[in-house]
Amino acid sequence: QVQLVESGGGLVQAGGSLRLSCAASGRTFSRHAMGWFRQAPGKEREFVAALIWSGASTYYADSVKGRFTISRDNAKNTLYLQMHSLKPEDTAVYYCAATYSVGYYYIDQYDYWGQGTQVTVSS
């Protein structure tokens, strides 16, 4: 089993920044990738960013490319999402997830999920 705990969400004005953290524990070795997804009210959960654990390749949704950065701290077993130039449309619950199989983009490719952290961007 893997436990994922997100933190760092909050209320921020448009143009501001936040850094989300996702602390992982349990059977974290041999994971293929970790990612961030988000779900706004009334919308489906969508891919935001992913990091392939071996090699550290990163992938981003077009809507966040150039504004968000996904990274990790191996020593702390923690995944981060640094968010800059936030927009009201970034408002959502942000989830981190871990996958032990090939792929990183689709929700059903992920095996474990955190409980989510709310990000609200005011205009």
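What to note about this one:
- Options VAL102, VAL5; residue that is open to solvent by 60 Å² or more (accessible area, probe 1.4 Å), on the phi < 0 side of the Ramachandran plot and not in a strand (DSSP E or B): VAL102
- Scanning segment 18-54 for residues that are among the hydroxyl-bearing types (Ser, Thr, Tyr) and surrounded by 14 or more Cβ atoms within 10 Å (Cβ to Cβ) gives SER21, THR28.
- Of all residues making up segment 1-23, the number that are under 24 Å from ASP90 (Cα atoms) and at pLDDT below 95: 0
- Filter pass, GLN39 being under 13 Å from VAL93 (Cβ atoms), at pLDDT 95 or above and of a type outside the set (A, V, I, L, M): yes
- Residue list for segment 13-23, filter: outside any loop (DSSP other than H, G, I, E, B), small (Gly, Ala, Ser) and under 22 Å from VAL121 (Cα atoms): SER21
- Matching entry among GLY10, GLY55, GLY35, GLY26 (being small (Gly, Ala, Ser) and within 25 Å of SER123 (Cα to Cα)): GLY10
- Residues that are of a type in the set (Ser, Thr, Tyr), open to solvent by less than 40 Å² (accessible area, probe 1.4 Å) and in a strand (DSSP E or B), drawn from segment 105-120: THR117
- Of the residues examined, GLN82 is not one that is outside any loop (DSSP other than H, G, I, E, B) and over 24 Å from THR120 (Cα atoms).
- Residue list for segment 52-70, restricted to those being at pLDDT 95 or above and assigned to a strand (DSSP E or B): THR58, TYR59, TYR60, PHE68, THR69, ILE70
- Residues that are crowded, with 19+ Cβ neighbours inside 10 Å and free of Cβ contacts under 8 Å to residues at least 40 places away in the same chain within segment 63-89 comprise VAL64, PHE68, ILE70, listed in sequence order.
- Assessment of segment 54-62 against the conditions (in contact with a Gly (Cβ under 8 Å, 6 or more places away or on another chain) and of a type in the set (A, V, I, L, M, F, W, C)) yields no matching residue.
The values are calculated or read from the model by the stated rules, or taken from the named source; none is laboratory data. This one's a predicted model, so the numbers in the text were calculated from it and none came from an experiment. Methodologically, a virtual Cβ is constructed for each residue, glycine included, from the backbone with ideal geometry; neighbour enumeration extends over all protein chains shown. Note: accessible area is taken over every heavy atom of the protein model, side chains too, but ligands, DNA and RNA are not part of it. Shrake-Rupley method; radii C 1.70, N 1.55, O 1.52, S 1.80 Å.
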